[in-house]
1. Checking LYS82 against (1) over 19 Å from GLN155 (Cα atoms); (2) open to solvent by 30 Å² or more (accessible area, probe 1.4 Å); (3) not hydrophobic (A, V, I, L, M, F, W, C), only one condition comes out false. Which one?
2. Residues of segment 69-117 being within 22 Å of GLY52 (Cα to Cα) and polar (S, T, N, Q), which ones?
3. Answer with yes or no whether GLU452 is closer than 19 Å to GLY347 by Cα and open to solvent by 20 Å² or more (accessible area, probe 1.4 Å).
4. Restricting the first residue to segment 391-418 and requiring it to be of a type in the set (Lys, Arg), which pairs with a second residue that is at pLDDT 90 or above meet a Cβ separation below 9 Å and a spacing of at least six or different chains?
5. Among the residues that make up segment 151-158, is at least one of them among the charged types (D, E, K, R), in a helix (DSSP H, G or I) and touching a residue at least 24 places away in the same chain (Cβ under 8 Å)?
6. I need a count of the residues in segment 218-274 that are open to solvent by 10 Å² or more (accessible area, probe 1.4 Å) and more than 17 Å from ALA372 (Cβ to Cβ).
7. Could you grab the pairs with beta carbons closer than 8 Å, sequence gap of 6+ or different chains, first residue in segment 280-303 and in contact (Cβ under 8 Å) with a residue 40 or more places away in the chain and at positive phi, second one part of a loop (DSSP other than H, G, I, E, B) and not small (Gly, Ala, Ser)?
Amino acid sequence: MEKHIKQIAVPLLLLALAGCISPAGQPGGEGHPPGVATPPSLNSGERLRAVGSAGKDASDPGERADLKARQQLAAVISDYTKNVLSDFIKAQAGSPAPDDPLSVRFLEDVSAEVSATILRRAAPHEQWEEQDGAVYVSYRMPIALVDETLVQKTQHFLLNQNPFSQGPDQLVDSLQNLLRERERERKLAAARTRPSGPEVPSEFEPPPWLKSGRHKDYPRQRFLVAIGIGKDEQTALQNARAELAAQMADRLGRVLGALRAPENESALAQNLRALPDLDVNFRPEDLVAMREAARWLDPATGNHYLFAAVDRNAASIVMESRLEDIHKRTEGLVSSAANHLKAGNLGPSLEDYLDALALLQEMLCSQARAMATAPEGQQQHFEEIFPQPTVPGMKKEVESLLGRMELSVVSGDGQWLAPGSPPAEPFAVRLSRKEDDQPIQGLPLRLITRDEEPQLLGAGVTDSEGVARWLPKGALPGGPRGAAVIATLDLEQMAPSLNFGAMPLPTAQLHYVFRARENTRFVIMLDGGAAPQMYAALKKALEDDGFQPPADLLSHVGALASIGKASDKEILEAVSALRQEAGPARLLVVIAGSADIQLVEKPQTTQGQLYIYRSVFDLRLLAPDLPGPTNRIGAVQGTGRGAYLEDPVEASNRAITDAGNMAAEQLSGILRAKFGAPPASSALR
C-alpha cells in the first residue's frame with residue numbers, strides 16, 4: 001500500500017481518463033480503491049493505459065474487471081487514433097474537412113478496426129485485489145504498436161475507400177511522417193516536464209538546447225537541426241539522422257511538387273517529367289555534412305540525447321562535387337555507346353546507353369536532393385545545372401536501338417502437349433539485327449507466360465548465334481484450347497534500377513495446345529458425289545480412335561459454293577458461328593474438303609461389261625483456335641478404286657469404300673501423332 005499512498009495527489013481527472021470513477025474508499029466501487037490513482041492514458045513511457053474494476057460482490061469479479069478494462073482500452077485507443085487521423089485529414093490539402101461525412105466515416109471505420117485488431121492480442125498487464133475485496137485489472141499498450149496498426153489499417157482502407165485527392169502511397173507516407181513528429185514531440189515534452197524530485201545538481205540539468213530545440217552555435221538560417229534520443233549513443237545518433245532525413249524528405253516533397261508543375265520548363269523539371277514514376281526519396285544515408293553538435297546523458301533515465309546539425313552550405317558543395325562526377329561518367333558512357341553504334345555493335349551500345357540512363361536517373365535524384373538541402377537563393381543553381389544529356393534524348397536512343405532488333409522463333413512453336421506435362425521440345429528464339437539478320441550475342445532474354453500478370457518461366461543469354469533456349473520443367477499454364485509463352489529482351493536484368501515505362505521490346509510468341517480427346521470436337525464439311533459415304537468412314541475412324549462423334553452442325557454453317565475449292569480462311573469464317581456452340585473449353589477441329597466418284601472406263605470383257613470407278617478425296621484438318629501462324633494441322637488426300645462386272649453401283653461403292661478406308665487410316669495417323677495412342681477401350685472397338 002505504500003506505493004499507492006504516494007500517488008494520492010494525482011488529479012481526479014486522470015481517473016476519468018483511465019477507468020470508471022466512484023467515491024474513494026467506497027467498497028465495491030467501480031473506480032480505483034482508496035488512495036490509488038488511475039495511471040494516465042498517455043505517459044512518458046510511450047504507452048496507452050486503461051484500468052477496470054469490479055466489487056467483491058460481483059459474479060467472477062476478475063472477469064468483470066477485465067471486461068471493463070478492455071472496454072476502457074478500446075475507448076482510449078479509439079480516441080487516440082481519431083485524434084491522429086483528424087490531424088492527418090486537416091493536413092491534406094484539398095481533402096474533406098474532418099467533420100465531413102466521408103471523413104467521419106473514415107475516422108470511425110479505421111479507429112474501430114485498429115481497436116478491434118489490438119484487443120484481439122491484448123493481455124492484461126497487472127491484476128490485484130484491495131482490502132475491501134475489489135479486483136482491479138490494468139492494461140498497458142505501447143503506442144508504437146498502436147501506430148503500426150494504424151498505418152496498416154489506414155493503408156488497407158485507402159485502397160478500398162479513399163476520400164482524399166492524393167494516392168494511397170502518398171497518404172500513408174504523410175501519416176507516417178505525422179506519427180514520427182508526434183513521437184518526437186512526446187519525447188521532448190517528457191524530457192522537459194519531468195516530475196520534480198530531489199534537487200538536481202546543476203551539472204545534471206538538461207542543457208538549454210534540449211529545452212528549446214535550438215543551439216546558439218547552429219542558427220536555423222544555415223543549419224538543419226534535430227535531436228535524437230536513445231538508450232545508447234549509437235541509437236541516439238541513428239534517431240537524429242532519421243529525424244534529419246525526415247525533415248529533408250518534407251523539403252524534398254515541396255521541391256518535387258514545384259519541379260513537376262506543368263509550367264516549370266527547367267532542364268531538371270523536363271527530365272523528371274520524362275520519368276513520371278521515378279521514386280525520388282531522401283534516406284538517412286543521403287545525409288552529408290552532418291555534425292554531432294552536442295550530447296547529454298540523462299542521469300535519471302539513462303537516455304542519451306544528441307543534437308545534430310547539417311551545414312547546408314557544406315552539404316551543397318559535397319553534393320555538387322558528386323553531381324559533377326556522375327555527369328562525367330554519364331557522358332563517357334554516352335560517347336562509348338555512340339561509338340559502338342557506329343560500328344554496328346547493337347548489344348554493347350544498348351548496354352552502355354542503359355548504364356548511362358541509370359546514372360542520369362541517379363543524377364536527377366541527387367539534383368532534387370541538392371535543391372532540398374541548399375540554402376535559400378542557391379536552389380536554382382542545381383535546377384539548371386547539367387542540361388545534357390536529357391532523359392527524352394536517351395530514351396529515344398534506347399528505343400531506336402530496340403527497334404533495330406528482332407526476335408524470331410527457332411524451335412518449340414506449335415507444340416501439342418499432354419495436359420499437366422512440360423514441353424518435350426525446347427523453346428528457342430534468335431535475336432538479330434533487322435537490317436541484315438546478323439546475330440546479337442550476350443544480351444539477356446526471358447521467357448514469360450502470356451497473362452495479365454506474367455510469370456517468369458526462364459532466363460537466358462543469347463549465344464554466338466544470337467540464340468537462347470529454355471525447356472521449362474513444370475506444366476505450362478493454359479486451357480484445352482492452348483496458349484503461348486513470350487520471349488522478350490530482359491531490360492530489367494540489364495538495368496534493375498531503371499523505370500522504363502512503355503518500351504518497344506523485341507518479342508516472339510511460341511504457341512502450344514493441349515492434346516485431350518475429351519476436350520476436342522470435330523465438324524466434318526464435305527461436298528462431292530462420295531461425301532455421305534466418306535462422312536460415315538471418317539465418323540467411324542474418329543470413334544474408333546477415342547474421340548467424341550462429330551456433331552451434325554453443318555446446317556449452322558454458312559453456305560459455301562464449293563467446300564473443296566474454298567480457302568482455309570473461307571472455311572474458318574463459315575464455322576465461326578460454331579465456336580461458341582463448341583464451348584470455351586473445347587478445341588474445335590474442322591475436316592473439310594471434297595470426295596468425288598468418277599467412272600474411269602467400262603471396257604468390254606469376255607465375261608461382260610467391266611465398270612471401273614475411282615473416288616478422289618482431298619481433305620484438310622483445320623483448328624480455328626490453334627495458336628500460331630497457321631490453322632492447318634494436316635491433310636488427307638488420295639484416290640480409292642473399285643471395279644465390278646455388269647454392276648456400276650457396286651463398282652462405285654467399292655471405290656468409295658476403298659477411299660474411305662484410306663482416308664480413315666491417314667486421319668488416324670495424324671490424330672495419333674497429335675494426341676497419342678487412343679485409350680485401350682477405344683483401340684479394341
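The values are calculated or read from the model by the stated rules, or taken from the named source; none is laboratory data. Everything numeric in this text was worked out from a predicted model, so none of it was measured. Using ideal geometry, Cβ is built from the backbone for each residue, glycine included, and neighbour counts are taken over all protein chains shown. What goes into the accessible areas is simple: the full protein's heavy atoms, side chains included, and nothing from ligands, DNA or RNA. Shrake-Rupley method; radii C 1.70, N 1.55, O 1.52, S 1.80 Å.
1. (1)
2. Those that are within 22 Å of GLY52 (Cα to Cα) and polar (S, T, N, Q): GLN71, GLN72, SER78, THR81, SER111, SER115, THR117.
3. In short, no.
4. Once the first residue is of a type in the set (Lys, Arg) and sits in segment 391-418, its partners that are at pLDDT 90 or above give ARG404/LEU346; ARG404/ARG433; ARG404/LYS434; ARG404/GLU435.
5. yes
6. The qualifying residues number 19.
7. Within 8 Å, the pairs are GLY302/LYS231.
Every residue, every condition in (1) touching a Pro at 6+ places or on another chain (Cβ under 9 Å); (2) at pLDDT 85 or above, yes or no:
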site: GLN92; (1), (2): no, no
site: GLU130; (1), (2): yes, no
site: TYR136; (1), (2): yes, yes
site: LEU159; (1), (2): yes, no
site: PRO163; (1), (2): yes, no
site: GLN170; (1), (2): no, no
site: ASN177; (1), (2): no, yes
